[in-house]
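The values are calculated or read from the model by the stated rules, or taken from the named source; none is laboratory data. Keep in mind it's a predicted model, so treat the numbers as computed, not measured. Cβ sites come from the backbone with ideal geometry, for glycine too, and all protein chains shown count toward neighbours.
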């Protein structure tokens, strides 16, 4: 605690966060996507599905683009989705509102 009685946290505060769903093939999990400093984090509401949590270093992101969110991994259900491709080739798809805002926030 500081002299003023305020407890300071060393965890970075998110600069942007939203409810999102991660889509990996046919599997999907709802959770929270947060951008803080140099890390993009997805925290699932139910970790029993094995989809997250994920922490992606912003410096590892090679490409960010809009994509189609799919039901069952095959049927397009929304255009409000984002594909993040890392420099190592792995990619993550998130269904979320305002994907253009996230593209701008990630500097893509």
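For this structure, a couple of remarks:
- Residues within the range 29-50 that are in contact (Cβ under 8 Å) with a residue 24 or more places away in the chain, assigned to a strand (DSSP E or B) and touching a helix residue (DSSP H, G or I) at 6+ places or on another chain (Cβ under 9 Å), tallied: 4
- Of the residues contained in the range 42-56, none is found to be surrounded by fewer than 16 Cβ atoms within 10 Å (Cβ to Cβ), under 17 Å from residue 101 (Cα atoms) and at pLDDT below 90.
- Test: residue in the range 66-78 that is outside any loop (DSSP other than H, G, I, E, B), out of contact with any helix residue (DSSP H, G or I) (no Cβ under 8 Å at 6 or more places or on another chain) and closer than 17 Å to residue 15 by Cα: no
- For the criterion of being in contact with a helix residue (DSSP H, G or I) (Cβ under 6 Å, 6 or more places away or on another chain) and either crowded, with 19+ Cβ neighbours inside 10 Å or in a helix (DSSP H, G or I) (or both), residue 20 fails.
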